[in-house]
Structure formats: structure tokens, C-alpha cells
Amino acid sequence: MSTTTNDSTALAATTAKLIDGKEIATNVRKTIKEDVEKLIKDGKRAPGLVVILVGDRPDSHTYVRSKKKTASDLGFVSIDCILPASTSQEEVIEIVRKYNNSDEVDGILVQLPLPSHINEESVLNEIDITKDVDGFHPVNIGKLSMRNRKSLFEPCTPKGCIELLIRSGVQIEGKNAVVLGRSNIVGLPVAMMLMNRNATVTICHSKTANLQQVVSQADILVVAIGVARMVKADWVKPGAIVIDVGMNTVDGKLCGDVDFAQVKEVASQITPVPGGVGPMTIAMLLNNTLISAKRRQGLDI
Ligand code: GUN
């Protein structure tokens, strides 16, 4: 008897619809590739992307390899600048300036985090805002956060979250959106981008009082807090749309900040980890670099 019960529980249909980031990113990449082919056919330059990596962090090296491979697959000119951990801040800034002045380079990305002897802010400040495909320059983040301004680029992971919502038919305007996490890379910009699309946005963090109660008000919940499976089923409003940006390793397996097994029974749509937001980040980076290449060659974007 109990075996039968367990089997039927295991086979129970997933309540929430899966937001398939792998498939959506494949579609985005296909469109980018076609656009690059058209650029070349029209006698224009292929987009050029430089990725600067300082130090030995294995996760950063994995990201950068993946960025380079995807860029090359889509017909971009891709330059890797891999520097030892001993590289000085002045040397990194010199390299950024060199690529600022290179006509063939449309996008410059400095992989974060940088080694502790290098001041991240000082390096990001040096990137030409027209080549800031990460969207982390203070001018671009500032414009993203102001009324009636337009940043030249939206940061890649947040842009991936928004694209997943749009392509899953989610209406953002008028919704209660809750963002759990306030990092410069994800939480803060994604909150601004949801607000720019007329959501009512609450940003929660480690000091938020009544966290579970606040999170449970969300129609759209974006989680980027960096704690494995922190968000449980009773934190989530029935029918909510849940975007999980978390990337944690537990017992050698990748998992998100949302307890997927529980929350999928409550949400109406949910991203898995892996296969949700992750594949979108690089697709959005290349999308930003393509936008830059078109802009810098005087084409419509
Ligand atoms: N490190 C983790 N995510 C990112 C990102 O989106 N851009 C950069 N430059 N570094 C990162």
C-alpha cells in the first residue's frame, strides 16, 4: 500500500508550468546569429567582445570559457584577456583603456569578482559607457534607476529574468513584484527593471522584518539571495511566478535559492535550476554586444 502511495506521489504532475530557460536562450541565440549573419552580408563588422579575467577562480574561468565559446559560435569576434592574480589595478585599467580605444571592440566585460587588491569600482568606472555591455558603469546603472532616462545597456542576468517573464506571457505592469536580494549584479538592477515596467516593487534582504510575510505578497518573485533552497512553499502566494537566480552546490548538485520540489506545487510558473536563468545570462550579454555593434556602426537597434 505504502509503496503505491509513494509511487503516485512521485508521479504527481508538476503544478507549476516550467519556464524553460534553456529553450528560450536557444531561441534568443538563434536570432542573434541570424542578425550577425545579416550584418556581415550587409558589409558591416561582426560584433567584437573582450572579456577580461583576473586571477584563478575556477567558477570565473568556467563562465569566461562559456562566454567565449558562445560568442564564437554566433559569429562574434571574441577576445579573452586572461591575467594572473598578481596583475595590478593600474595594469587592468591600462588594458580597459586600450580596448576603449579599439574601433573593432563593441563590448568590454570585466569578470567579477576581482582579486581583493583591485578596487572594482575604480575599474568599472574606466569602461567606456558605450561599450559597457554588462551595464555596471555607474552612469548606466544610474540612468537605469532614474525616471525618464535610458541606460545604454541593461545588466545581463536581470535582463535574462525579464526576458523569461515576457516570453512566458507574464504581464509585469501593475503586479506586486518582490525581489529577494539587493546585489549590484542582480537584485538591485532587476528591481529597477521591474519598476521601469510598471510593477510595484519591494526589495527584501537579510535585515527585512517579517520576511516570509513580505515575500508571500508577491505576484512575481525574483530570488537572488545566495542561500540554498531558502524559499519554501509557505512563503509563496498560490499562483505566483517564481524566478530563481540562485546557483548553489549541495551534495555535489546544483540547486537554487528556492525549494523547487515544494514551491512548484504552489507557483503557477517557475524556473528550474539548472536550466532557468543561467542559460539566459550569456545570451543577454551577446544581445547587448550586438546592440552595441549596431549602434556603433550607425544602424537601427
Ligand atoms: N560575475 C557573476 N556574474 C557576472 C556578470 O553578469 N558579469 C560580470 N562581469 N561578472 C559576473
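Quick check on the chain: helices-only [θ] at 222 nm, where DSSP H runs of length 4 and up contribute -39,500 (n - 2.57) each and the sum goes over total residues. Nearest 500, please. Show your work: numbers first, answer last.
Working: 11 runs with 123 residues, N = 301.
Using -39500 (n - 2.57) per qualifying helix, the result is -12500 deg cm²/dmol.
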So how compact is region 132-186: Cα radius of gyration and Dmax in angstrom?
12.1, 32
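With a sphere of radius 14 Å drawn around the Cβ of I162, what net charge do the other residues whose Cβ falls strictly inside it have (Lys, Arg +1; Asp, Glu -1)? Working shown, then result.
Values: positive: K159, R167, K175, R197; negative: E154, E163, E173.
So the surrounding residues net to +1.
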Under 30 Å from K207, Cα to Cα: lysines that are on another chain or at least 8 residues apart:
K143, K159, K175, K232, K237, K253, K264
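Can you tell me the dipole magnitude for the chain around its Cα centre, using point charges on the Cβ only (Lys, Arg +1; Asp, Glu -1), in Debye to the nearest 20? It would help to have the intermediate numbers written out before the result.
Details: 35 positive and 34 negative charges, 134 e Å.
Result for the chain is approximately 640 debye, rounded to the nearest 20.
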Starting from the Cα of K33, draw a straight line to each of the aspartates and glutamates and keep only those under 19 Å, dropping any in the same chain fewer than 8 residues away.
E23, D42, D73, E104, D106, E163, D300
Separation between Cα centres of region 166-205 and region 85-145, rounded to whole Å:
26 Å
Where does the charge balance sit around L299 when Lys and Arg score +1, Asp and Glu -1, over other residues with C-beta under 11 Å from its C-beta?
+3
If the reach is capped at under 19 angstrom between alpha carbons, list the lysines near K38, excluding any in the same chain fewer than eight residues apart.
K30, K294
Order the following by accessible area, largest value first: K17, K150, K143, K159. Probe radius 1.4 Å; ligands, DNA and RNA are ignored.
K150, K17, K143, K159
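How would you classify region 101-144 from its alpha-carbon gyration tensor, with a ≥ b ≥ c the square roots of the eigenvalues: rounded for a/c under 1.5, else prolate if a/b is greater than b/c, otherwise oblate?
Values: a/c = 2.13, a/b = 1.27, b/c = 1.67.
Verdict is oblate for region 101-144.
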May I ask you to give the solvent-accessible area per residue for region 197-301, in square angstrom, as obtained with a 1.4 angstrom probe?
43 Å²
Run the paramagnetic zone check for K232: 7 angstrom along Cα to Cβ, then residues of region 239-273 with backbone nitrogen under 18 Å.
256-267
Can you give the accessible area of K264 in Å² (nearest 10), computed on protein heavy atoms with a 1.4 Å probe?
40 Å²
Accessible area of T26 in the full protein assembly, 1.4 Å probe (Å², nearest 10):
70 Å²
If N is the residue count of the chain, its Cα Rg over 2.2 N^0.38 Å rounds to 1.05
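Using a 1.4 Å probe over the heavy atoms of the protein chains, calculate the carbon and sulfur portion of the accessible area of the chain as a whole percent. Write down the numbers at each step before the final one.
On the way: 7580 of 14580 Å².
Carbon plus sulfur share of accessible area: 52 percent.
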Cut-off 17 Å, label point 7 angstrom out along Cα-to-Cβ of N210: give me the residues of region 151-191 whose amide nitrogen falls inside.
177-179
The simple spin-label model distance between D300 and T202, using points 7 Å out along Cα→Cβ, in nm, is 4.3 nm
Skip the ligands, DNA and RNA, and give the accessible area per residue of region 23-157 with a 1.4 Å probe, whole Å².
51 Å²
Rounded to the nearest whole number, the per residue volume of the convex hull around the C-alpha atoms of region 232-301 in Å³ is 103 Å³
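The values are calculated or read from the model by the stated rules, or taken from the named source; none is laboratory data. Small disclaimer: the values here were computed from a predicted structure and weren't measured. Cβ coordinates were reconstructed from backbone atoms using ideal geometry, including for glycine residues, and neighbour counts include every protein chain displayed. All accessible areas refer to the heavy atoms of the entire protein, side chains included, with ligands and DNA or RNA removed. Shrake-Rupley method; radii C 1.70, N 1.55, O 1.52, S 1.80 Å.
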